[in-house]
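A.B. asks: Questions regarding the structure given below will be posed in turn.
The values are calculated or read from the model by the stated rules, or taken from the named source; none is laboratory data. Every value quoted in this text rests on a predicted model; they were computed, and no experiment measured them. All Cβ positions, even for glycine, are placed from backbone atoms using ideal geometry, and neighbour counts span all protein chains on display. The protein model used for the area step is the full one, side chains on, heavy atoms only, and it has no ligands, DNA or RNA in it. Shrake-Rupley method; radii C 1.70, N 1.55, O 1.52, S 1.80 Å.
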Amino acid sequence: MESSRLPRVLIVGAGFGGLALARALRKEPVEVLLVDQNNYHQFQPLLYQVATAGLEPEEIAHAVRDILQGETNMRFRMGTVVNVDRPSKRVILEDGEALWYDYLVLAAGATTNYFGVEGAQRHGFGLKTVEEAIALRSHIIQRFEDADQHPNHIPDGALTFVVVGGGPTGVEMAGALRELFEMVLAADYPDLDVDLARVVLVEATDRLLGGFHEDSSANAEETLRQRGVEVRLNERVVDANAEAVELANGEVIPAHTLVWAAGIKAHPLAKALNVEQTGGGRLVVEADLRLPGEDAVFIIGDLAGSVDEQGELLPQVAPVAMQGGEHVAQQILRLQGGQATEAFQYRDKGMMATIGRHAAVAEIRLGKEVRTKGVIAWIMWLGLHLIMLIGFRNRLQVLVNWVWNYFTYDRSARLIMGDRRTAPKDRSVEPVVPEPTPEPELA
């Protein structure tokens, strides 16, 4: 590929930003090589629905090679990038292979930030990957199986689920858990008093949904409390084990499930680059999203420490990544044409969060801000997420599942699969080591 006359744009990460960039370059005179450690793109905003048995993982994930099918200037390489040799314009893969580039765009995303709480990292569940969502789903259902067999475990926390983080993910997860318990599992376990199941949402600040207007935050809190979620504001988790969660005020909550949605940090690749980092480990970037001192290296999405006009870090959300990808595509073409690059300007169109059936908050910013809540916001949330899903088949499957769930109060994906966690008592599972799969050759 080195002999190609077309400049190679190497994109690390097939998330929202990486795919937006690749799509923007699909008809341009460049060769695009997209590299990701997985062979699929995952729709992270709906991972919580996989974790709460509302959707199957394949409904929110799509094979990257299928997405790129028919694009003559694009190729995919499955591999994990561990470092970048900038002087020689090479990225280094985990297996030692080096891939060359003319332009490099790092869109590797972020991982869960446990803020140094080792017990939470060891015993809690993150919600950043399909694998984590499947493991959490299995764990949740297993807790009910355990409680059904051993009701005496319930006071010890067998059916207590602590969700840490009052942002959109935490709020949506807490609301979805209550719906799962009341609308589905109550019928599955007729001999079990499902009303004894607790969902405790812990947030370190004084309100939920910190990036939203105070009215939206208040509505989310009120709705969650009405639906049976115990909301703990101005509280932090300082330690956890398999049987309990300890708060900063000294309270110990008996709980066999800890879901960590309290924050994210930049992908470990950011640290490996040995360059300046900012909040959450993100890489400091120039106004045009280039790495300082580098003419051909761009950073987008959760990995980028891009800022707004006031110098504040932009939120680590999909719209920022997607707009960043589209912007970098334009800058690469400008550089190819001998033109100067332009500064990135994020257009904030608003945000949404759902609390559950018929309940959501939405803030739309198209010139004038419009805030709404309840059923209207819920329908808007459903529509937006359907549109953003990759692939018609995925959209159709998710729509059918949502309609089925809505009218039947049923969820089909209540399967325990490969759960490696063990209950504190009476149950043990031998870990299953998957067979290694050969890495595919570069297309």
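A.B. asks: Given the options 434, 424, name the one that is modelled with pLDDT under 90, open to solvent by less than 50 Å² (accessible area, probe 1.4 Å) and more than 21 Å from the chain's Cα centre (by Cα).
C.D. replies: One residue alone meets the criteria, 424.
A.B. asks: How many residues does region 124-141 hold that are among the hydrophobic types (A, V, I, L, M, F, W, C), open to solvent by 10 Å² or more (accessible area, probe 1.4 Å) and either without any contact (Cβ under 8 Å) to a residue 24 or more places away in the chain or over 19 Å from residue 255 (Cβ atoms) (or both)?
C.D. replies: Residues in region 124-141 being among the hydrophobic types (A, V, I, L, M, F, W, C), open to solvent by 10 Å² or more (accessible area, probe 1.4 Å) and either without any contact (Cβ under 8 Å) to a residue 24 or more places away in the chain or over 19 Å from residue 255 (Cβ atoms) (or both): 2 in total.
A.B. asks: State whether the residues of region 89-102 include one that is surrounded by fewer than 22 Cβ atoms within 10 Å (Cβ to Cβ), modelled with pLDDT of 95 or more, charged (D, E, K, R) and in contact with a Lys or Arg (Cβ under 7 Å, 6 or more places away or on another chain).
C.D. replies: yes
A.B. asks: On to the next question. Identify the residue in region 80-101 that is basic (Lys, Arg) and either over 11 Å from residue 273 (Cα atoms) or assigned to a strand (DSSP E or B) (or both) and, among all such residues, is farthest from the chain's Cα centre (by Cα).
C.D. replies: 89
A.B. asks: I've got another one for you. Condition first: aliphatic (A, V, I, L, M) and either within 23 Å of the chain's Cα centre (by Cα) or open to solvent by less than 70 Å² (accessible area, probe 1.4 Å) (or both). Now tell me which residues in region 352-374 satisfy that. Steps first, please.
C.D. replies: To start, the set of residues in region 352-374 that are aliphatic (A, V, I, L, M) comprises 352-353, 355, 359-362, 364, 366, 370.
Hits for region 352-374 are 352, 353, 355, 359, 360, 361, 362, 364.
A.B. asks: Would you say residue 65 is open to solvent by 10 Å² or more (accessible area, probe 1.4 Å) and not in a loop (DSSP other than H, G, I, E, B)?
C.D. replies: Numbers: open to solvent by 10 Å² or more (accessible area, probe 1.4 Å): yes; not in a loop (DSSP other than H, G, I, E, B): yes.
Criteria met by residue 65.
A.B. asks: Of a type in the set (Lys, Arg), part of a loop (DSSP other than H, G, I, E, B) and open to solvent by 10 Å² or more (accessible area, probe 1.4 Å): which single residue out of 5, 23 fits that description?
C.D. replies: That would be 5, the only listed residue that is of a type in the set (Lys, Arg), part of a loop (DSSP other than H, G, I, E, B) and open to solvent by 10 Å² or more (accessible area, probe 1.4 Å).
A.B. asks: Right, here's the next one. Among the residues of region 59-73, is any free of Cβ contacts under 8 Å to residues at least 60 places away in the same chain and at positive phi?
C.D. replies: Yes, the conditions are met somewhere in region 59-73.
A.B. asks: May I pose another question? For residue 310, only one of the following conditions fails: (1) at pLDDT below 95; (2) assigned to a helix (DSSP H, G or I). What is its number?
C.D. replies: Unmet condition: (2).
A.B. asks: From the list 172, 145, 179, 118, exactly one residue is at pLDDT below 95 and not aromatic (Phe, Trp, Tyr). Which is it?
C.D. replies: Every option except 118 fails the conditions.
A.B. asks: I want to confirm something. Restricting to region 220-258 and keeping residues that are touching a Leu at 6+ places or on another chain (Cβ under 9 Å) and assigned to a helix (DSSP H, G or I), which single residue is most open to solvent (accessible area, probe 1.4 Å)?
C.D. replies: 221
A.B. asks: When you check residue 78 against the structure, is it farther than 23 Å from residue 315 by Cβ, hydrophobic (A, V, I, L, M, F, W, C) and buried (at least 23 other Cβ atoms within 10 Å of the Cβ), yes or no?
C.D. replies: Numbers: farther than 23 Å from residue 315 by Cβ: yes; hydrophobic (A, V, I, L, M, F, W, C): yes; buried (at least 23 other Cβ atoms within 10 Å of the Cβ): no.
Answer is no for this residue.
A.B. asks: So, in region 395-419, how many residues would count as being over 21 Å from the mean Cα position of the chain (by Cα), open to solvent by 60 Å² or more (accessible area, probe 1.4 Å) and either over 30 Å from residue 123 (Cβ atoms) or among the acidic types (Asp, Glu) (or both)?
C.D. replies: Total satisfying the criteria: 7.
A.B. asks: Let me ask something else about it. Quick check on region 313-351: of everything there that is among the hydrophobic types (A, V, I, L, M, F, W, C) and assigned to a strand (DSSP E or B), which residue is surrounded by the fewest Cβ atoms within 10 Å (Cβ to Cβ)? Spell out how you get there, then give the answer.
C.D. replies: Let us first name the residues in region 313-351 that are among the hydrophobic types (A, V, I, L, M, F, W, C), namely 313-314, 317-318, 320-322, 328-329, 332-333, 335, 340, 343-344, 351.
Right, trim to assigned to a strand (DSSP E or B) and you get 313, 351.
Numbers: 313: 15, 351: 18.
Step by step, filter region 313-351, then rank; the result is 313.
A.B. asks: Tell me yes or no: at least one residue of region 200-216 is crowded, with 21+ Cβ neighbours inside 10 Å and in a helix (DSSP H, G or I).
C.D. replies: Looking for residues that are crowded, with 21+ Cβ neighbours inside 10 Å and in a helix (DSSP H, G or I), one finds at least one in region 200-216, hence yes.
A.B. asks: Starting from region 313-337, keep only residues that are more than 15 Å from residue 20 (Cα to Cα), then list their pairs with residues that are in a helix (DSSP H, G or I) and charged (D, E, K, R) whose Cβ atoms are within a distance under 9 Å, requiring at least 6 positions of separation or different chains.
C.D. replies: Once the first residue is more than 15 Å from residue 20 (Cα to Cα) and sits in region 313-337, its partners that are in a helix (DSSP H, G or I) and charged (D, E, K, R) give 316/302.
A.B. asks: Restrict the check to region 30-46 and report whether at least one residue is in a loop (DSSP other than H, G, I, E, B), crowded, with 24+ Cβ neighbours inside 10 Å, at negative phi and of a type in the set (A, V, I, L, M, F, W, C).
C.D. replies: yes
A.B. asks: Quick one: in region 189-199, of everything that is open to solvent by 70 Å² or more (accessible area, probe 1.4 Å) and assigned to a loop (DSSP other than H, G, I, E, B), which residue is nearest to residue 230 (Cα to Cα)?
C.D. replies: 193
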